[in-house]
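Here's the structure, in structure tokens; my notes come after.
The values are calculated or read from the model by the stated rules, or taken from the named source; none is laboratory data. Since this is a predicted model, take the numbers as computed values, not measurements. So basically every Cβ, Gly included, is an ideal-geometry build from the backbone, and we count neighbours across all protein chains shown. Surface areas here come from the heavy atoms of the whole protein model, side chains and all, with no ligands, DNA or RNA. Shrake-Rupley method; radii C 1.70, N 1.55, O 1.52, S 1.80 Å.
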Amino acid sequence: MNNIANDLKFALRQLRRSPGFALTAILTLALGIGANTAIFSLLDQALLRSLPVRNPHELVILEGTGKAWEGSTHNHGGDMEAYFSYPMYKDLRDKNQAFDGLIATLPAGVGISRNNSSENGEAELVSGNYFTVLGVNPALGRLFTQNDDLQKDANPVVVLSFDYWKNHLGADPSVVGSTLAINAHPFQIVGVAAPGFSSAVWGQTPSLFVPITMFEEVIPGGGKRLDNHRDRGLNIIGRLKPGESIALAQVAVAPLWHALRADELKALGTKSKRFTDGFLTNSQLLVLPGAKGLSYQRADFQKPLLAVMAMALLVLLIACVNVASLLLVRSAGRAREFSLRYALGAGATRIAQQLLLEGLLIGIGGGAAGMLLAPIAIRTLVHQLAGDSAYVAFNTAIDPRVLIFNFAIALTASILFSLAPLMQLRRPDLTAAMGQKSATGAGSLLSFRRAVVCLQIGLSVLLLVGAGLFVRTMQNLRHVDVGFTTAQLTTFGINPKLAGYAPAAIPALHQRVIDALTALPGVQSVGATDDPELAGHGQTGNVTVAGYTEPADTDYDVENSAINPAFFSTLQMPLIAGRLFTDTDTTDHPNVAIVNETFAKHFCGSAQACIGRQMANGGGNVKLDTQIVGVVRDSKHEGVRDAIVPTQYRPLKQDANPAELYLYLRTSSDPAETLTTIRRTMQQLDPALTLSSLRTMDAQIDDVLSDERMVSLLAISFGVLATLLAGIGLYGVLAYSTAQRTREIGIRIALGSSRLAISRIVMADVLKLAGIGIVVALPVAYALSGLLRSQLFGVSPADPLTIACAVFLIASVAIVAALLPARRAASVNPTEALRTE
């Protein structure tokens with residue numbers, strides 16, 4: 001221990017004597033470790049961390065397989081097989097013998113009013129046993145019990161999330177027992193959920209929880225869905241009985257699932273064998289691990305986060321290699337010191353201990369500095385993921401597990417790079433070292449350093465190629481033709497039902513809003529729809545078209561949007577055939593529809609053939625009650641990545657159940673300047689109407705592309721950082737090798753070599769190292785880029801332009817790194833060079 005203490009003091013003195021080296025090494029590690037800590041924190045939250053509930057390993061998620069279905073599904077994301085009807089949930093909950101409890105959950109957007117202020121928020125409709133089964137305790141008041149979930153519309157109570165209580169209500173303990181309004185319906189606050197718990201669905205951050213039997217108040221007009229076996233929209237999560245395994249639970253519940261499906265099939269009536277096989281014979285209830293909770297977004301984050309994590313690890317590897325290279329160069333200057341130690345009786349173990357302690361100090365310093373950088377990096381990443389929204393699924397705080405990860409990287413890295421100098425110090429030439437004779441540049445040590453530089457260059461090429469592919473993907477997505485003009489366009493949404501409007505009053509309100517916005521200065525036209533564009537939103541269903549027969553037991557779903565007459569002119573979507581809607585297309589006139597080109601080609605063969613064709617929503621023996629009167633140009637709908645889908649547009653005034661409305665304003669001036677005017681106008685119309693996602697259309701697209709933007713920015717950052725580190729490492733090796741060849745260069749100049757020829761020797765050396773690194777890295781880059789194929793858009797993993805740019809950039813950095821050593825080599829005085837030997 002005394003030796004360790006002495007060596008530690010000596011290591012600190014050595015680092016103080018070389019502040020430039022110490023600062024460079026620590027900052028290099030800090031960048032690599034800080035990036036890894038930030039990325040791992042997000043990856044841990046999204047993919048690894050269990051829910052903060054009692055015994056999360058006992059939780060399971062239910063999914064019901066079966067290719068056939070009749071009815072409607074209200075999809076919130078993820079696999080359609082994860083959705084169940086409320087009657088099915090109750091049957092499974094009450095009749096199973098395999099679980100300690102089953103809970104149901106369903107998200108919903110709501111309007112929240114309290115103390116004369118209104119805002120949009122997220123609610124989670126949950127079964128009465130939700131908190132009991134999960135094992136979540138109240139932070140204040142009480143949570144739901146099964147008694148809160150017995151009768152429809154009988155228990156208007158609400159539990160607040162801890163974050164909403166803290167951030168919106170000032171953590172006021174007196175709120176328990178008070179009331180707030182949800183969609184203009186009063187609810188009593190009975191409690192606040194525990195801190196740290198957001199939902200059983202990861203990525204979902206509701207403001208409040210409501211009993212599922214209050215469905216009608218939370219989702220106006222949807223109360224009958226609770227009695228409909230054909231309406232799927234709930235997710236089911238269960239808790240295994242103590243000692244029960246997932247496999248045994250799935251076997252135990254299989255007969256019940258088959259019996260319940262058989263009852264539902266009987267209620268559907270006679271069906272074909274193919275439908276019966278898909279609905280019943282080949283259907284099973286899957287019991288899946290649920291410790292991490294259900295997630296609608298985890299699959300979207302998984303590949304981007306893993307790709308970015310791989311990049312961050314490559315940066316850290318380059319940083320470690322760079323520091324190891326710096327230590328090798330530094331150790332060369334300490335050859336006499338360590339040789340003297342050997343001469344005085346020090347063993348290899350003592351030398352290794354000294355080097356290890358110096359490396360550990362650098363590693364711990366780099367880890368500590370990385371911890372300071374990590375929170376900044378995490379906040380930046382979360383902001384990039386969130387865009388302009390209030391997305392808060394990721395926590396920016398660093399938890400102990402991430403802290404352990406950080407220092408594990410720091411200590412592992414320190415061990416790796418601190419022992420690298422032992423390769424040149426384990427068998428020192430005491431006579432040469434004590435005499436301070438120069439070594440030649442062709443020894444095994446220099447060869448090792450050259451190999452290190454080739455590795456750095458190769459890793460940098462990998463990152464540059466990956467960064468280039470992601471940048472090209474982002475450019476392609478941002479400039480893809482979406483089918484309408486996004487410039488000079490502002491959009492926002494309103495939901496009158498959340499402000500307490502009765503269905504009969506909503507059409508008149510819609511018209512008042514459109515008229516008021518149309519009258520604003522600088523507004524050229526106002527379009528409206530119930531199905532927003534490029535917002536990740538879709539509402540689909542199957543249709544029947546006269547003259548077209550769909551193959552048996554298949555449903556070809558189409559997008560279904562209700563729009564006002566000015567919608568197409570506002571978005572500048574051109575008409576291909578037929579006519580547009582007019583103000584006379586109301587419920588008093590025959591139903592009409594306009595379809596897109598994809599719809600026309602699939603069902604009619606061409607746009608002209610579709611005009612006048614009769615159709616209807618739904619399949620089977622439905623009445624053809626709608627005439628196709630127009631065909632418009634194709635446009636993307638849910639997102640810029642998505643393919644064009646067949647779409648039908650209906651007049652908004654022929655919509656039987658109007659509710660949420662999304663408005664689009666085409667302006668002659670900068671649309672961002674109209675945002676304040678829009679807010680003021682809507683406030684004057686009705687203060688209870690809250691606006692959602694008020695922004696320009698370009699800003700909305702940027703928000704949709706937030707994941708791609710984050711990956712692109714990180715890839716660029718990592719690529720630039722890796723290239724910079726590689727350049728530093730290359731410069732160090734060239735500077736050292738040139739210094740070692742001073743005598744050789746002096747002789748060459750003395751024998752008549754020109755300064756230019758000497759510079760060429762150094763340049764040839766650097767191009768050789770860069771060439772080896774590039775040639776080795778390119779096949780590896782191509783192989784690894786194939787793993788990113790699903791994340792790319794409009795660019796091949798073997799894109800020649802990306803590869804050429806990466807090679808050009810790394811070659812340019814190599815040449816720049818060689819300029820100073822080449823200049824020094826060309827400036828050698830042969831007389832002084834020979835005299836030093």
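Structural remarks
- In the set A757, A715, only one residue is over 30 Å from V482 (Cα atoms), part of a helix (DSSP H, G or I) and of a type in the set (G, A, S); that residue is A757.
- The set of residues in the stretch 574-607 being at positive phi and touching a residue at least 12 places away in the same chain (Cβ under 8 Å) consists of G578 alone.
- Test result for A825, modelled with pLDDT under 80 and either in a helix (DSSP H, G or I) or more than 15 Å from V461 (Cα to Cα) (or both): yes
- All strands (runs of 3 or more DSSP E) inside the stretch 104-213 with 3 or more residues being farther than 25 Å from A659 by Cα and β-branched (V, I, T): 185-193
- The one condition in (1) in contact with a helix residue (DSSP H, G or I) (Cβ under 8 Å, 6 or more places away or on another chain); (2) buried (at least 23 other Cβ atoms within 10 Å of the Cβ) that F131 fails to fulfil: (1)
- Residue within the stretch 614-627 that is closer than 24 Å to G483 by Cα, open to solvent by less than 60 Å² (accessible area, probe 1.4 Å) and in a strand (DSSP E or B) present: no
- Unique residue being of a type in the set (G, A, S), assigned to a helix (DSSP H, G or I) and buried (at least 16 other Cβ atoms within 10 Å of the Cβ) when the list is A324, A299: A324
- Filter result for T570 (crowded, with 18+ Cβ neighbours inside 10 Å, more than 24 Å from H602 (Cβ to Cβ) and not hydrophobic (A, V, I, L, M, F, W, C)): yes
- When G121 is tested against (1) closer than 15 Å to V159 by Cα; (2) more than 26 Å from the chain's Cα centre (by Cα); (3) open to solvent by less than 60 Å² (accessible area, probe 1.4 Å), just one condition goes unmet, and that condition is (2).
- Each residue in the stretch 678-706 was checked for being part of a helix (DSSP H, G or I), of a type outside the set (A, V, I, L, M, F, W, C) and open to solvent by 40 Å² or more (accessible area, probe 1.4 Å), and 6 of them qualify.
- Looking only at residues of the stretch 707-747 that are of a type in the set (K, R) and crowded, with 19+ Cβ neighbours inside 10 Å, we find that the one that is farthest from L534 (Cα to Cα) is R741.
- Residue satisfying all of: in the stretch 796-814; assigned to a loop (DSSP other than H, G, I, E, B) and either over 18 Å from V308 (Cβ atoms) or basic (K, R) (or both); least open to solvent (accessible area, probe 1.4 Å) among these: D799
- Residue among I611, I563 that alone is β-branched (V, I, T) and over 18 Å from H510 (Cβ atoms): I611
- Test: residue in the stretch 221-238 that is in contact with a Lys or Arg (Cβ under 7 Å, 6 or more places away or on another chain), touching a residue at least 40 places away in the same chain (Cβ under 8 Å) and part of a strand (DSSP E or B): yes
- Those residues of the stretch 655-671 which are touching a Ser or Thr at 6+ places or on another chain (Cβ under 6 Å) and either open to solvent by 30 Å² or more (accessible area, probe 1.4 Å) or over 30 Å from R579 (Cβ atoms) (or both), in sequence order: Y662
- Matching residues, the stretch 69-103, being within 24 Å of G541 (Cα to Cα), part of a strand (DSSP E or B) and of a type outside the set (S, T, Y): F84
- Just one of the listed residues (V218, V192) is open to solvent by less than 10 Å² (accessible area, probe 1.4 Å) and free of Cβ contacts under 8 Å to residues at least 60 places away in the same chain, and it is V192.
- Looking across the stretch 34-61 at every residue that is over 21 Å from the mean Cα position of the chain (by Cα) and part of a helix (DSSP H, G or I), the one that is surrounded by the fewest Cβ atoms within 10 Å (Cβ to Cβ) is identified as H57.
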